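Student: Okay, handing you the structure first.
The values are calculated or read from the model by the stated rules, or taken from the named source; none is laboratory data. Fair warning: this is a prediction, and the values are worked out from it, not measured in the lab. Neighbour counts run over all protein chains shown; Cβ positions are idealised from the backbone, glycine included. Protein only, heavy atoms only, side chains kept; ligands, DNA and RNA dropped before computing areas. Shrake-Rupley method; radii C 1.70, N 1.55, O 1.52, S 1.80 Å.
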Amino acid sequence: MKFITTAMIITLFMFNSCSSAKANTDNKIDNNFYFNAENAYNYIKAQTDLGPRNYGSEAHKKVREFFKQEISNMGYEVFSHNFKAPYIKERNGENIYAFLRGKTDNYIIIASHFDSRSVAEKDKMAFNRDKPIIGANDGASSSGVLLELMKALKNYNDLPYSVCFVLFDLEDDGNLFDVEGNSLIDTDWIQGSIAFVNEVIIRDKIIDKQKIKFGILLDMVGSKNAKFKYESFAHTYYSPIYNKVWQYAYDLGYSNYFFDEHYGTIIDDHTPFLNEKIPFIDIIDMGYIFHHTSQDTIDKLDKKTLEAVGKTVEYSVINADSIY
């Protein structure tokens, strides 16, 4: 993921005003949840035990098979979207996705990226900066939460909308290939989601764009003392979704994780959807201090954070017809 300029943020806000969710620390929701943070943690550990899952590594190949096997074991039909990276020559990736049918054929998309970065350019130690990272939070945490959500949401027989779960490949090697275009999606970041939107949605119409109600991207969702703030580009245009999800988090008692504040505009896997005017928000902890360092390891994660995100998203999905 990548920040873009403050000037663009200001320009965006000139065209749209948006209300903000108001924090309420009282737990107003008494609900039985299926999301299990211990299971999510174990999914994360299974990924990190493979080592760095950067492009071309054996772990990168193995983790794709791990996902497909686990998803199949849950009873889903597993789909693969093999693609050529739109802006990185000679790179091929594989997005993995599956569907859970609800009461209607309108969709919510829940997504994560699963690759880890091939360099630790922010590391304090110079000799680590050209080495791949473990990516416990950046990649593995969101993918682990997504897998557990897939398991949890299968327990509901009457979801208001169908759900498409997507694991994106080739997200995290941006700023390494000198790609700089005029559009937010002229980038060497987010290759899997750009290809997914361009091919699976726009070209092949496997998912009808008009039937996507909204999407939730998960990214860096497991660290201790995580702070989830609005991604400003998405909030500018789709503040009702952000505000409702944040309100659910507050009502569930998670206001110490979800903040009524902005990070600024971030290029992430939700950006290609926004580019096609598909409503999408990003749950991301951009203040994570071990971002793109060799210290992004599983000891930095907290099951309480995983619980806060997982249960908030679970509740949002089962009440999605009240969101947007």
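Student: Which condition number in (1) under 22 Å from Pro160 (Cβ atoms); (2) touching a residue at least 60 places away in the same chain (Cβ under 8 Å) is the one that Asp219 fails?
Tutor: (1)
Student: Could you please find all residues in the range 251-272 being surrounded by fewer than 24 Cβ atoms within 10 Å (Cβ to Cβ) and assigned to a helix (DSSP H, G or I)?
Tutor: Correct list: Asp251 only.
Student: Enumerate the pairs (first residue in the range 130-146 and under 12 Å from Lys45 (Cα atoms); second residue anywhere and among the polar types (S, T, N, Q) and open to solvent by 10 Å² or more (accessible area, probe 1.4 Å)) with beta-carbon separation below 8 Å, excluding pairs fewer than 6 apart on the same chain, so at least 6 apart or on different chains.
Tutor: Ile134/Thr48; Ile134/Ser294; Ile134/Thr297; Gly135/Thr48; Ala136/Thr48; Ala136/Thr297; Ala140/Thr48; Gly144/Asn42
Student: A follow-up question, please. Mind listing just one residue for me: the one in the range 150-201 that is touching a Pro at 6+ places or on another chain (Cβ under 8 Å) and assigned to a loop (DSSP other than H, G, I, E, B) and, of those, farthest from Gly139 (Cα to Cα)?
Tutor: Filtering the range 150-201 for residues that are touching a Pro at 6+ places or on another chain (Cβ under 8 Å) and assigned to a loop (DSSP other than H, G, I, E, B), the one farthest from Gly139 (Cα to Cα) comes out as Ile185.
Student: Might you let me know whether the range 161-170 holds any residue that is of a type in the set (D, E, K, R), within 12 Å of the chain's Cα centre (by Cα) and open to solvent by less than 20 Å² (accessible area, probe 1.4 Å)?
Tutor: yes
Student: Of the residues Gly222, Gly253, Gly215, which is under 22 Å from Glu77 (Cα atoms), in contact with a helix residue (DSSP H, G or I) (Cβ under 9 Å, 6 or more places away or on another chain), at pLDDT 95 or above and not hydrophobic (A, V, I, L, M, F, W, C)? Talk me through it step by step, then tell me what you get.
Tutor: On the way: Gly222 fails: under 22 Å from Glu77 (Cα atoms); Gly253 fails: under 22 Å from Glu77 (Cα atoms).
Result: Gly215 is the single residue among Gly222, Gly253, Gly215 that is under 22 Å from Glu77 (Cα atoms), in contact with a helix residue (DSSP H, G or I) (Cβ under 9 Å, 6 or more places away or on another chain), at pLDDT 95 or above and not hydrophobic (A, V, I, L, M, F, W, C).
Student: So Ser232 fits all but one of (1) out of contact with any Leu (no Cβ under 9 Å at 6 or more places or on another chain); (2) under 26 Å from Trp189 (Cβ atoms); what number is the exception?
Tutor: (1)
Student: Hey, among the residues in the range 74-116 that are of a type in the set (S, T, N, Q) and farther than 17 Å from Ile44 by Cα, which one's least open to solvent (accessible area, probe 1.4 Å)?
Tutor: So the residue we want is Asn95.
Student: Out of Val317, Val309, report the one residue that is crowded, with 24+ Cβ neighbours inside 10 Å and either over 13 Å from Asp138 (Cα atoms) or in contact with a Lys or Arg (Cβ under 7 Å, 6 or more places away or on another chain) (or both).
Tutor: Details: Val317 fails: crowded, with 24+ Cβ neighbours inside 10 Å.
Checking each option against the conditions leaves just Val309.
Student: Quick check on the range 48-78: of everything there that is aromatic (Phe, Trp, Tyr) and touching a residue at least 40 places away in the same chain (Cβ under 8 Å), which residue is nearest to Lys154 (Cα to Cα)?
Tutor: Here the residue is Tyr76.
Student: Can you tell me which residue among Asn198, Asn157, Asn182 is among the polar types (S, T, N, Q) and either open to solvent by less than 20 Å² (accessible area, probe 1.4 Å) or closer than 15 Å to Phe99 by Cα (or both)?
Tutor: Numbers: Asn198 fails: either open to solvent by less than 20 Å² (accessible area, probe 1.4 Å) or closer than 15 Å to Phe99 by Cα (or both); Asn182 fails: either open to solvent by less than 20 Å² (accessible area, probe 1.4 Å) or closer than 15 Å to Phe99 by Cα (or both).
The unique qualifying residue is Asn157.
Student: Would a scan of the range 259-276 turn up a residue that is touching a Phe, Trp or Tyr at 6+ places or on another chain (Cβ under 6 Å) and among the charged types (D, E, K, R)?
Tutor: yes
Student: Only residues in the range 92-104 that are free of Cβ contacts under 8 Å to residues at least 60 places away in the same chain count as the first member; pair them with residues that are outside any loop (DSSP other than H, G, I, E, B), Cβ under 8 angstrom, at least 6 apart or cross-chain, and list the lot.
Tutor: Filtered contacts from the range 92-104: Asn92/Asn82; Asn92/Phe83; Asn92/Lys84; Thr104/Ser162.
Student: Then there is this: Can you confirm whether Gln247 is open to solvent by 10 Å² or more (accessible area, probe 1.4 Å), of a type in the set (S, T, N, Q) and at pLDDT 95 or above?
Tutor: It is true that Gln247 is open to solvent by 10 Å² or more (accessible area, probe 1.4 Å), of a type in the set (S, T, N, Q) and at pLDDT 95 or above.
Student: Can you tell me which residues in the range 13-32 are open to solvent by 50 Å² or more (accessible area, probe 1.4 Å) and either at pLDDT 75 or above or within 26 Å of Glu171 (Cβ to Cβ) (or both)?
Tutor: Asn31, Asn32, listed by residue number.
Student: Is there any pair with a first residue in the range 287-310 that is without any contact (Cβ under 8 Å) to a residue 24 or more places away in the chain and a second that is outside any helix (DSSP H, G or I) whose Cβ atoms are under 9 Å apart and which are 6 or more apart or on different chains, and what are they?
Tutor: Matching pairs, first to second residue: Ile289/Ser223; Ile289/Gln295.
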